[in-house]
Amino acid sequence: MSSEFLQLAEKVTQLAKLAQRLREENAELRRKVKLLSEDNTTLTARVDDAYQRVSAVLAQLPVAEAEEEAAAAADEEAA
């Protein structure tokens with residue numbers, strides 16, 4: 001009987017250690033998720049900023065003559 005009790009006590013101890021280890025791992029994973037989420041937010045903002053700057057540069061580029069002629073031809077066909 002005492003042998004069974006000792007085995008049960010050992011299993012309970014192992015289970016308690018496992019539960020503690022899993023709590024610590026869970027806390028660490030939550031910290032990592034938070035950091036990665038913050039990084040994602042930062043990178044998304046940087047991509048949006050880059051998109052806006054590229055769009056602004058593209059808007060300042062002159063339109064090519066071929067595009068102007070194509071637009072003029074389309075206008076003539078519509079009329």
Original post:
List the aspartates and glutamates whose alpha-carbon lies under 20 Å from that of residue 34, not counting same-chain residues fewer than 8 positions away?
Top reply: 24, 25
Original post:
So how tilted is helix 2-60 from the main axis of the chain? Cα-based, degrees 0 to 90, rounded to 10.
Top reply: 10
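Placing unit charges on C-beta atoms (Lys and Arg positive, Asp and Glu negative, everything else neutral), compute the dipole magnitude of the chain about its Cα centre in debye, rounded to 20.
The calculation lands at about 1540 debye.
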Subject >> Of 15, 47, 73, farthest towards positive along the dipole that unit charges on Lys, Arg, Asp, Glu beta carbons give the chain >> reply: 15
**OP:** Compute the Kirkwood hydrodynamic radius of the chain, taking the inverse of the mean of 1/r over all pairs of distinct Cα atoms, and give it in Å to one decimal.
**Re:** 19.4
Subject >> Contour excess over end-to-end distance, with Cα ends at residue 78 and residue 14 and 0.36 nm allotted per residue >> reply: 14.9 nm
**OP:** Compute the accessible area per residue over the chain, keeping the other protein chains in place, probe 1.4 Å, unit Å².
**Re:** 96
Subject >> Apportionment of accessible area to carbon and sulfur, the chain, percent (1.4 Å) >> reply: 59
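The values are calculated or read from the model by the stated rules, or taken from the named source; none is laboratory data. Since the structure is predicted, the reported quantities are computational estimates derived from the model, not experimental observations. Quick reminder, even Gly has a Cβ in these numbers, built from the backbone with ideal geometry, and neighbours come from all protein chains shown. For the accessible areas, the whole protein counts, side chains as well, though only heavy atoms, and no ligand, DNA or RNA atoms are used. Shrake-Rupley method; radii C 1.70, N 1.55, O 1.52, S 1.80 Å.
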